[in-house]
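Below is one structure, written out as structure tokens; the observations come after it.
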Amino acid sequence: MNKRTIIGAALLVATMGLHAQKSMTPPAGGKPISDELIGIFFEDISSSADGGLYAELVQNGSFEFNPTERDGWGPGTAWRLVRPGHSLGHMEPLMQAPIHPNNPTYMRLHIERVKEYYDYKGWKGFGLQNDGFDGFSVKAGAQYDFSVFLRNVTAGAKQVRVALVEPQGWGKDPKLLAEASFEADGTAWKKYEAVLTPNADCERAVLQVLVLTTGIIDVDMVSLMPKDTFKGHGLRKDLAQALADLHPKFMRFPGGCVVHGGGDGFWNTYRWKTTVGPKEQRRSLKNTWGYHQSMGLGFFEYFQFCEDLGMEPLPILPCGVSCQGTNGGWGMKDQAQDWVPMDQMDEWVSEALDLIEWANGDATTKWGRVRAEAGHPKPFNLKYLGLGNEERISPEFIERFKYIYERVRAAHPEIVIVGTAGPGSHPGNNDFETGWKLAEEIGLPILDEHYYEPRDYFLTSRQYDNYPRNRKTKVYLGEYAAKDKKLIDALAEGLYLLHVERNGDVVAMTSYAPLFARKNATNWNPDLIYFDNEKPFLTCSYYVQQMFGQSAGNYYYGDCVTIDNATNLQGQSVVLNTKTRQLFVKVCNASADAKQANINLSRFKGLKKMATKTILTGQPNDENNFEQQPIQPRQESIKVKNKMKLDLPPYSMVMLQYSL
């Protein structure tokens, strides 16, 4: 068990023990704030889904890759023809009579000869090899569920051998790690399954599907999944656990620019209805970031993951307006934008209304039945719904947003709608000003702001101190990050989050972005969590986010801590969780000088004499990467008093957790 897991588990156990206690009345001097300030934002960027959080090991298992996604790609991408023992034949991608119209491409194998000499002791067969995502990382004794759809074209059953192997180089038979055999006897599409159990660890295994009988056979939907996934729901355990350890209160998905197809047009818009059925019936899609989305991780899995972590789901739907990056718009002085004709907008309204029915309707409703048939009879109890993502707030956008908003609100006044303030959400920006004007005009509950800035912005800006307190519309800071991943950047973000907590009556939610990035497949920097096939690599910013996730509360006290000789590089907050009867003191020192904080918690009666201290500190340019992880939180139990002094090392963030 690593240090991150120990810290997360210790705090979780402490919290669980306190849940049974009676909620307390907050002492005077505090103000109510949002207890959902820290969430996560998942977008399939930098191979975050396929090859990442989604535990599927086979790449392009449905043969749907194509040149539209990336030059040189096609149905055979990530595959290679194998014919051990000098077997003969060829493969042919086809689209006639597929398993489902949403999954049109499959591979036909023509097997002309399989080596059958009696004295031949080596590998034999004719078929396909999948190299996965930089190979398959498999563990000895672990079980992996294999499945494939096959269809015999020529009469007669065919013997099929499936093998996990470790390649040994040119001219040598691979090392066998696990295998299974079965008879493919169907003349219509039929699913075949087996369990593979490797006999050794291997970081670069490959999967071979070999036919041992001559003839013609069609192959589709090849899959290899670890049996041991997060709560058995198909997500990679270590990456899902890294998210669980953040203690997020909500998850926004599926994007980001992924929502409205980025710069590709409406044909590539993310449509949730094609992501909730059986995997072989889902429609894969070109990813905005230049690769393929299998949709194995779809809306059903997103909602299920939210339920597993106790997060509120925050799905984002398109609202009939494209990303301003369409047709190269990001590089144009006047950014491009396409929009759906108003006489076609009811389709996009239905997209939202049907999602609410799918999430919240009982099994007797049309879409509630679809959810129930997928294995979740109980409603997901959707509370939030986002409409649009970071679009330019043009007159065309306003017209279409209002059209959807009014109809969703009329049908479902209980749903909290989240709108958008466009990119670069700072006062003075045209989209920002227009977005806020629209929000106030229609009474929008929450407005989503986005900005990525150099660390100096987060060290010095206090944007929310100046927001009007009488606005009905709350802020969701849905995408933000300092533009580097050093410790000083993480402390700048921490200092800014202390400012957000102080303004937790205005700001309702925040989520760092992007969340994940795969090694050697990164579209954006920085990211919160990097990973390879073996493990996640947690950044300095991750540990700052974790502190704030662990210290969620519903009352803020701003006058309990003072810092000697404070500058704008120091900050503090005191947050009370009346439900768990926990008090959190957080102090950040982003300067090169040691500081001292004076803590006075006399108003909080019944404070226990021991508290948990967590500290994150190091050199300002320290950075966690694939080679080393110098920045880790340290935790200890300390004796505390109602009035005490706290030393703040240079470049540090300190949290004290008290029980009442």
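Of note:
- Among (1) assigned to a loop (DSSP other than H, G, I, E, B); (2) open to solvent by 40 Å² or more (accessible area, probe 1.4 Å) - the single one Pro27 does not satisfy: (2)
- Test: Glu183 is free of Cβ contacts under 8 Å to residues at least 60 places away in the same chain and open to solvent by 10 Å² or more (accessible area, probe 1.4 Å): yes
- Evaluation of Gly186 against the conditions (1) out of contact with any Asp or Glu (no Cβ under 6 Å at 6 or more places or on another chain); (2) modelled with pLDDT of 95 or more shows that the sole unmet condition is (2).
- The residues on offer are Gly606, Gly618, Gly571, and the sole one that is closer than 30 Å to Asn520 by Cβ and in contact (Cβ under 8 Å) with a residue 12 or more places away in the chain is Gly618.
- Of the residues making up the stretch 522-577, those that are more than 19 Å from Ser659 (Cα to Cα), among the small types (Gly, Ala, Ser) and open to solvent by less than 20 Å² (accessible area, probe 1.4 Å) are Ser541, Gly571.
- Extreme residue, most open to solvent (accessible area, probe 1.4 Å), among residues of the stretch 615-642 that are under 21 Å from Ala482 (Cβ atoms) and β-branched (Val, Ile, Thr): Thr617
- Residue check, Ala611 farther than 30 Å from Phe531 by Cα, open to solvent by less than 10 Å² (accessible area, probe 1.4 Å) and either of a type outside the set (Ser, Thr, Tyr) or part of a loop (DSSP other than H, G, I, E, B) (or both): yes
- Among residues of the stretch 229-240 that are open to solvent by 40 Å² or more (accessible area, probe 1.4 Å), those with a Cβ under 6 angstrom from a residue that is aromatic (Phe, Trp, Tyr), sequence gap 6+ or separate chain, pair up as Lys237/Phe230.
- Residue within the stretch 158-170 that is part of a loop (DSSP other than H, G, I, E, B), open to solvent by 30 Å² or more (accessible area, probe 1.4 Å) and acidic (Asp, Glu) present: no
- Whichever residue in the stretch 241-275 is in a loop (DSSP other than H, G, I, E, B) and among the basic types (Lys, Arg) and, among such residues, is least open to solvent (accessible area, probe 1.4 Å): Arg271
- Of all the listed residues (Lys586, Lys605, Lys595), the sole one being open to solvent by less than 30 Å² (accessible area, probe 1.4 Å) and among the charged types (D, E, K, R) is Lys586.
- Scan of the stretch 184-203 for residues that are within 17 Å of Ser147 (Cβ to Cβ), over 30 Å from the mean Cα position of the chain (by Cα) and part of a loop (DSSP other than H, G, I, E, B), ordered by number: Asp185, Gly186, Ala188, Trp189
- When the stretch 52-65 is filtered for residues that are open to solvent by 30 Å² or more (accessible area, probe 1.4 Å) and either without any contact (Cβ under 8 Å) to a residue 40 or more places away in the chain or among the hydroxyl-bearing types (Ser, Thr, Tyr) (or both), nothing remains.
- Selection of the stretch 364-379 for residues being open to solvent by 50 Å² or more (accessible area, probe 1.4 Å) and assigned to a loop (DSSP other than H, G, I, E, B) yields Thr364, Gly375, Pro377, Lys378.
- Residue match in the stretch 625-639 (condition: farther than 20 Å from Pro649 by Cβ and in contact with a helix residue (DSSP H, G or I) (Cβ under 9 Å, 6 or more places away or on another chain)): no
- In the set (1) closer than 15 Å to Phe126 by Cα; (2) touching a Leu at 6+ places or on another chain (Cβ under 8 Å); (3) charged (D, E, K, R); (4) open to solvent by 50 Å² or more (accessible area, probe 1.4 Å), Asp145 fails one condition alone, (1).
- Taken over the stretch 289-332, the criterion of being open to solvent by 10 Å² or more (accessible area, probe 1.4 Å), small (Gly, Ala, Ser) and at pLDDT 95 or above is satisfied by Ser294, Gly310.
- Qualifying residues in the stretch 421-431 (those that are of a type outside the set (D, E, K, R) and open to solvent by 10 Å² or more (accessible area, probe 1.4 Å)) - the one nearest to the chain's Cα centre (by Cα): Pro423
- Within the stretch 484-504, the presence of a residue that is open to solvent by less than 10 Å² (accessible area, probe 1.4 Å), in contact with a His (Cβ under 9 Å, 6 or more places away or on another chain) and either at pLDDT 95 or above or part of a strand (DSSP E or B) (or both) is excluded.
- His412 being under 12 Å from Ile356 (Cβ atoms), at pLDDT 95 or above and open to solvent by less than 50 Å² (accessible area, probe 1.4 Å): yes
- Glu357 meets each of the listed conditions (1) touching a helix residue (DSSP H, G or I) at 6+ places or on another chain (Cβ under 9 Å); (2) open to solvent by less than 40 Å² (accessible area, probe 1.4 Å) apart from (2).
The values are calculated or read from the model by the stated rules, or taken from the named source; none is laboratory data. Computed from a predicted structure; not experimentally measured. Here the Cβ is made from the backbone with ideal geometry for all residues, glycine too, and neighbour counts use every protein chain on show. All accessible areas refer to the heavy atoms of the entire protein, side chains included, with ligands and DNA or RNA removed. Shrake-Rupley method; radii C 1.70, N 1.55, O 1.52, S 1.80 Å.
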